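Here the structure is laid out as structure tokens; the discussion comes afterwards.
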Amino acid sequence: MARRSIWKGAIAFGMVAIPAKLYSATEDTDISLHQYHKDCGHRISMPRYCGTCQKMLATADITKGYEVGDSYVPLSESDFQSLPLKSVKTIEVVEFVDDRQIDLRCYDKPYFLASDEGGYKAYRLFVMAMAEAKLAAVAKLCYRERERLSVVRPYQGVMLLQTLRYADELKECFDLKPPEYPISSKELELAISLVKAMAAPQFELARYHDEYRQALEKLIEAKIAGEALPVAQEAQFPVSDVADALLASLKLVEAKR
């Protein structure tokens with residue numbers, strides 16, 4: 001099945017414009033659950049209903065708009081596409097940075113940015129150039145009625161675009177910091193030992209699975225078969241002293257190995 005692009009335009013590096021398409025780099029694997037009427041067992045629909053006209057609406061009857069008092073300003077897709085911004089049709093590279101400087105809170109959804117016909121050479125050139133320079137591109141693009149800040153970096157021979165949050169969207173954590181407590185050198189040494197004991201030589205994403213989804217699938221299968229599943233037990237943390245808990249944790253890790 002051919003991939004379907006979600007945006008088409010060009011990526012601009014200075015005066016170099018490369019025709020490009022944007023593709024989702026992830027997929028949703030959640031189990032789809034719906035709402036049902038308990039009395040009759042029928043699935044509940046979410047109708048588009050106009051309370052003023054007291055009737056159901058089709059998709060063609062609906063428009064987007066901005067509320068102004070008791071009225072609204074209608075906005076169509078052509079309005080969004082006609083905004084006087086380069087980023088409507090072009091992914092505009094603003095600058096190159098060391099992406100280690102980007103605040104981790106900024107990162108949002110990843111996309112593959114692929115070259116369209118006629119831009120393959122320039123596309124490959126910039127993939128190689130960014131990899132060699134160890135720099136990522138900060139770029140802007142308009143997508144889903146919003147100008148999005150993003151970072152573009154080389155990934156396995158292609159460009160990976162990841163949308164970023166703006167500074168005014170980030171929350172601070174100062175009020176969440178724990179109060180100051182004295183920490184002994186022994187406690188710190190034990191904590192470092194536990195961290196090192198639990199360290200893996202390399203992170204392998206494929207080792208991890210959504211156990212909640214797997215358990216939910218088993219629960220659904222058990223309900224279909226009329227069987228009962230064991231209920232999860234609350235986690236027990238009997239050791240109250242930090243040093244004792246660290247020692248117990250170290251012994252547990254060593255026993256597993």
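Laboratory data are not the source of any read-out in this text; all were calculated from the coordinates shown. These figures come from a predicted structure and were not determined experimentally. Cβ sites come from the backbone with ideal geometry, for glycine too, and all protein chains shown count toward neighbours.
Observations, loosely collected:
- Our helix-only sum for the chain, with -39,500 (n - 2.57) per DSSP H run of n ≥ 4 divided by its residues, gives a mean residue ellipticity at 222 nm of -7500 deg cm²/dmol.
- Partnerless cysteines, meaning none of the other Cys C-beta atoms lie under 4.7 Å away, in the chain: C40, C106, C142, C173
- Stretch gain in nm, segment Q54-I31, where the contour uses 0.36 nm per residue and the Cα spacing is subtracted: 4.8 nm
- Virtual paramagnetic centre 7 Å along Cα→Cβ of Q214, amide N under 20 Å, in the range 176-201: 200
- Distance in nm between pseudo-label sites at L75 and A131 (7 Å out along the Cβ direction from Cα): 4.0
- The alpha carbon gyration tensor of the range 88-230 gives principal lengths a ≥ b ≥ c with a/c of 1.5 or higher and a/b no greater than b/c, which makes the shape oblate.
- When the chain is treated as a Gaussian network with alpha carbon springs shorter than 10 Å, the biggest mean-square fluctuation among A215, A17, A199 belongs to A199.
- If R0 is taken as 30 Å, the Cβ-Cβ distance between M198 and A222 corresponds to a FRET efficiency of 0.35.
- Note on the chain: GNM, Cα springs under 10 Å; of I220, I11, I91, the largest mean-square fluctuation is that of I220.
- Taken along the Cα-to-beta-carbon direction at a fixed 7 Å, the label points for A255 and H42 span 5.7 nm.
- The ratio of the alpha-carbon radius of gyration of the range 178-256 to the globular-protein estimate 2.2 N^0.38 Å is 1.63.
- Checking the Cα-Cα distances for K38/K223; K8/K171; K89/K109; K64/K89; K223/K256 against a 28 Å cut-off, the pairs over it are K8/K171; K223/K256.
- Euclidean distance of C-alpha centroids, the range 1-29 and the range 109-170, integer Å: 9
- Considering only V195, H209, L246, the residue lying farthest towards the positive end of the dipole of the range 178-256 is H209, judged by Cα position with unit charges set on Cβ.
- Mean-square fluctuations from a GNM of the chain, with a 10 angstrom spring cutoff on Cα atoms, peak among L135, L219, L125 at L219.
- Equivalent ellipsoid of the chain: semi-axes from √(5λ) of the C-alpha gyration tensor, largest first, are 42, 34, 22 Å.
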